[in-house]
Amino acid sequence: MAAPPPHPRVLAAPPSFVGALGRALVGGAVMGVALGAGTALGPAIADAVGATGVLAKLIPAALVSLAAVPLVVYALRRRGGSLEDIGFGTAGENLRALLVGAGVTTGAAALVLGAGTAAGLLRWSSPELPALAGFLVANGVVALLLEALPEETTLRGYTWASLRVRLGGVGSALGTTAVFLVVPGLSTVVGAVVAPLVGEDADPVGLAPGGGNPVDYLILLTVFGFMLVTARTALRRAPLCVGIGAHLAFLTVNRVVFEGDERGAGWSVEPSSPDVELLVPVYLLVATAAFMVVRRMGKRPGDRAAAALGPEPAAGVAPAVAAPH
């Protein structure tokens, strides 16, 4: 006699508001601790092994990703979830989404910075193509591991998905961005604790890394955070990788344009005044609008009806299979 079919799959009950908020804060805590510890331990390890140049920068970057991403995977698996639940897809979907995020952000930057150049606000140096190509590769790997991958996985991935089930789209965007603003300050506290233990000098503790102006930094971070949330919701397939691509493009553009000389990027800009850096939030707003257009273009007629049924499952609300009869 054939065995009876297994019991139908049953969705686990959504977490309470307090539970969803707690999980969201876990995402921010993981990123803050990983960033602070990784950037404090990295230089000590680089000195110990004699690493210099790009390798010395790669060590702390790798430490941050190796700390943050596995912890998110562990938290997801404890509740029966996977990386797909926070926005990853297949290898092909991830690559396509990453290119969309990078392309939209780079295009927005080119449009705004090009207008600034035409208005005489920016004066570009002659590009040194070999140096520029080398910088783009090296900076791309370091920025991906130090910031883009771990921050998107923990924040626009785990934190956003944890809030989405209780707060909806707008609430989860606000909550995720609020957690994002706390992460740099938390990382400086962690760094201040870890760095002396390994004989390194700690950066100043504060809301902005490196002792920068906290007000200006938090305003920029807020605009950047909303752009990344918008990017994360732009595509249906591998949406988190859109944010990773956008994050990576933002870091690359800014480092070439405004820090090209000091970073040896092979290309740089001489602004007419310090206020020219206000073009950065402008191009972030243009990119945000562009991602909203991408999202609207990708919507299908049945999406509104599906949205009316309620928010999508979030991290930690993975399907649970009951035992067979």
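The values are calculated or read from the model by the stated rules, or taken from the named source; none is laboratory data. Worth saying up front: this structure is predicted, and the values here are computed from it rather than measured. Glycine also receives a Cβ, built like all others from the backbone with ideal geometry; neighbour counts cover every protein chain displayed. What goes into the accessible areas is simple: the full protein's heavy atoms, side chains included, and nothing from ligands, DNA or RNA. Shrake-Rupley method; radii C 1.70, N 1.55, O 1.52, S 1.80 Å.
Mind listing the phi-derived Karplus ³J(HN,Hα) values for the range 24-32, rounded to whole Hz, using 6.51, -1.76 and 1.60 with θ = phi - 60°, and x for any glycine or proline?
4, 5, 4, x, x, 5, 4, 5, x
Over the chain, average the accessible area per residue using a 1.4 Å probe and give it in Å², no decimals.
50
Could you tell me how many cubic angstrom of Cα convex hull volume the range 190-230 has per residue?
Per-residue hull volume (Cα only) is 70 Å³.
Over the chain, what is the relative contact order in whole percent, taking alpha-carbon pairs under 8 Å and six or more residues apart?
Value for the chain: 35 percent.
What is the percent carbon and sulfur in the accessible area of the range 44-95, measuring with a 1.4 Å probe over the protein chains and ignoring ligands?
Summing carbon and sulfur atoms, their accessible area is 63 percent of the total for the range 44-95.
Can you give the direction-averaged projected area of the convex hull of the alpha-carbon atoms in the range 92-181, in nm²?
Averaged projected area of the range 92-181's Cα convex hull equals 8.4 nm².
Ignoring ligands, DNA and RNA, what percent of the 1.4 Å accessible area of the range 104-224 is carbon and sulfur?
Here carbon and sulfur together make up 70 percent of the probe-accessible area.
Quick one: plug the Kirkwood hydrodynamic radius of the chain (C-alpha pairs) into Stokes-Einstein at 10 °C, 1.306 mPa s, and report D in µm²/s.
My calculation gives 76 µm²/s for D.
Could you give me the percent of Cα pairs per 10 Å distance bin for the range 52-125, shortest bin first, beginning at zero and ending with the bin that holds the maximum distance?
Histogramming the range 52-125 at 10 Å steps yields 15, 22, 30, 23, 9, 2 percent.
Simple spin-label model, 7 Å along Cα-to-Cβ: ALA115 to ARG263 in nm?
2.4
About its Cα centre, how strong a charge dipole does the range 64-174 have in debye, to the nearest 20, once Lys and Arg get +1 and Asp and Glu get -1 at the Cβ?
Charge dipole, the range 64-174, about its Cα centre: 360 debye, nearest 20.
Accessible surface of ASP261 in the full protein assembly, 1.4 angstrom probe, to the nearest 10 Å²?
130
Based solely on C-alpha atoms, express the radius of gyration and the Dmax of the range 92-248 in angstrom.
17.7, 52
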